[in-house]
Structures are given as structure tokens and as C-alpha cells.
Amino acid sequence: MAGEAAGRAPESVDRPWRVLRRLAGRHAGYFTTRQVLRTGCEARVRDALAAGTVRRAGIGILRLSEWPDGPLDEFAMWSAWFDGAVAVSHHSAADLHGLGRLRPRFLHLSVGAGRPPVTSHLVVLRRTLAGADVESAGPFLVTTPVRTITDLAETDIAQAALDEVVRDAVTIGRCRPAEIATVVAGLPQRSAVRVHRALDAV
């Protein structure tokens with residue numbers, strides 16, 4: 001029996017590390033110090049930092065060094081911060097979808113839960129999105145083109161900018177005019193009028 005227990009020991013020691021690596025794998029190798037504590041991998045992560053197989057990516061955020069850098073890393077990193085309970089939205093979602101030329105200066109996130117980080121680079125909106133309102137972009141979620149359009153209609157972007165977003169969405173086939181018109185009924189009147197004007201301009 002003692003021999004069997006000894007044989008199982010390495011597996012039980014490695015299991016938390018495998019769990020942490022699996023969590024990191026969902027977000028392009030990023031994970032948080034909260035996840036390290038939850039999995040009980042503090043010692044393993046300290047050793048990995050010393051060995052260079054894990055590196056610090058920010059306050060409270062680390063990354064497995066084996067993951068290559070990519071153009072969407074920032075989105076994946078903040079998705080890890082919020083344990084995946086977040087979606088890129090509004091201006092940032094339009095930029096990701098290639099709709100319009102909004103050129104956002106901030107990263108817009110819609111968050112259902114979690115403590116926002118202390119940074120001036122993020123615009124964090126507290127709201128819960130339905131599953132139909134988001135789609136996967138690999139290591140993070142982003143609002144669908146239709147939801148992105150309706151979100152932007154409720155902001156203060158110029159009508160011409162909204163027209164361009166809607167025109168691009170239809171032109172590149174990300175959504176159909178009828179699909180957009182269907183969801184307009186649930187918008188406040190001002191926003192609904194803005195979307196209808198944009199559709200008329202397509």
C-alpha cells in the first residue's frame with residue numbers, strides 16, 4: 001500500500017499545475033495570481049519564474065513563456081484577469097470586427113463580475129450579456145457585430161460614424177439588414193432612430 005501511495009504522489013503534486021496550465025491555455029497563456037492561489041501552485045510558479053518558463057505580464061498577471069506574442073494579447077490578458085467573464089465590446093469590438101474607423105483610444109470591456117484593475121486604459125461596463133450577444137475570438141469573447149452596432153447606437157458617436165459601422169457590417173457580410181432591424185425594437189427610441197438612419201444609408 002505504501003508503495004502504491006508513493007507511486008501516486010508525483011501525479012497528485014502535478015495535478016494542480018496541470019489545472020493552472022489548462023486555465024492559462026484558455027487565454028493565450030495568461031493566468032492570474034488569484035488562480036495561482038486557488039490551485040495551490042505558489043511554489044511551482046516561483047520556481048517557474050526563476051527558471052524563466054513563466055514571466056510577469058503585469059500586476060497580478062503572469063504568462064507561460066512558451067506562448068508566442070501576438071497582436072491580440074491584451075484582449076486575452078484582460079479576459080484572464082476576469083476569469084473569462086468579460087467580452088470586448090463597443091468601440092473595441094467594432095475595431096476587432098473591422099467595422100468603421102473608430103480608432104478607439106481605450107479598450108472597452110463588458111464585465112459581468114470581478115474586480116476591475118487599476119488602469120486608465122480600460123473602459124469597464126458592468127452588465128451581463130446573453131450568450132447570443134457574444135462570440136468566441138479564441139482566447140477571449142467579443143460582442144457580435146449586431147450587438148456591437150446596437151451598443152454603439154446608444155453611445156455618443158456621430159451618426160456618420162454609426163452609418164459607416166453599419167455599412168461595413170452589411171458590406172462584408174457580418175450581418176444582414178433584416179437581422180439588424182429585428183433587434184432595433186428593443187432599443188430606446190433615440191438609439192432605434194439612429195440605427196434606422198444608418199440602415200437607410202446602406
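Show me, for segment 188-202, the HN-Hα J-couplings you get by feeding each phi into the Karplus relation (A = 6.51, B = -1.76, C = 1.60, θ = phi - 60°), rounded to Hz, glycine and proline as x.
My calculation for segment 188-202 gives x, 4, 4, 5, 4, 4, 4, 5, 4, 4, 5, 5, 5, 8, 5 Hz in order.
When the helices in the chain are scored as -39500 (n - 2.57) per DSSP H run of 4 or longer and the sum is shared across all residues, what 222 nm value do you end up with, to the nearest 500 deg cm²/dmol?
Calculated mean residue ellipticity at 222 nm is -15000 deg cm²/dmol.
Treating only the Cβ atoms of Lys and Arg (+1) and Asp and Glu (-1) as charged, compute the dipole magnitude of the chain about its Cα centre; round to the nearest 20 debye.
With only Lys, Arg, Asp and Glu charged at Cβ, the dipole is about 420 debye.
Could you please report the charge total around T53, scoring K, R as +1 and D, E as -1 over all other residues with beta-carbon less than 9 angstrom from its beta-carbon?
-1
For E135, E154, give me the order by solvent-accessible area with a 1.4 Å probe, most accessible first, ignoring ligands, DNA and RNA.
Result, largest first: E154, E135.
Which whole-number percentage describes the relative contact order of the chain, with Cα contacts under 8 Å and a sequence gap of 6 or more?
Rounded, it is 16 percent for the chain.
Please list the non-local residues whose amide H lies under 5 Å from the amide H of L125, H modeled 1.01 Å from N, same-chain partners needing a gap of 5 or more.
L109, S110, V111
Could you work out what % of the accessible surface of segment 72-202 is carbon and sulfur, using a 1.4 angstrom probe and leaving DNA, RNA and ligands out of the count?
53 percent
With Cβ to Cβ distances under 12 Å as the rule, what net charge do the other residues near R167 carry (K, R +1; D, E -1)?
Residues close to R167 contribute a combined charge of -1.
Counting only DSSP beta bridges with both residues in the chain, what percent are antiparallel, rounded to the nearest 5?
In the chain, DSSP labels about 65 percent of beta bridges as antiparallel.
Apply 1/(1 + (r/R0)^6) to the Cβ-Cβ distance of A113 and T171, taking R0 = 41 Å, and write down the FRET efficiency to the nearest 0.05.
The computed FRET efficiency comes out at 0.65.
Taking the 0 to 90 degree range and rounding to the nearest ten, how far is the long axis of helix 2-25 tilted relative to the main principal axis of the chain, both from C-alpha atoms?
20 degrees
Filter the GluC sites (Glu not before Pro) in segment 21-93 down to the DSSP loop ones having no more than 10 other Cβ atoms within 10 Å, then list what survives.
Passing both the DSSP loop test and the Cβ count: E66.
Report, for segment 107-202, the % of DSSP beta bridges that are antiparallel, rounded to 5.
Just about 40 percent of them are antiparallel.
Where does each of R34, R63 land when they are ordered by accessible area, with a 1.4 Å probe and the largest first?
Listed by decreasing accessible area, they come as R34, R63.
Counting only heavy atoms of the protein chains, get the accessible area per residue of the chain (1.4 Å probe) and round it to a whole Å² value.
Ligands and nucleic acids excluded, the result is 53 Å² per residue.
The values are calculated or read from the model by the stated rules, or taken from the named source; none is laboratory data. Computed from a predicted model, the values in this text were never measured in an experiment. Cβ sites come from the backbone with ideal geometry, for glycine too, and all protein chains shown count toward neighbours. We work out accessible area using only protein heavy atoms, side chains counted, and drop any ligands, DNA or RNA first. Shrake-Rupley method; radii C 1.70, N 1.55, O 1.52, S 1.80 Å.
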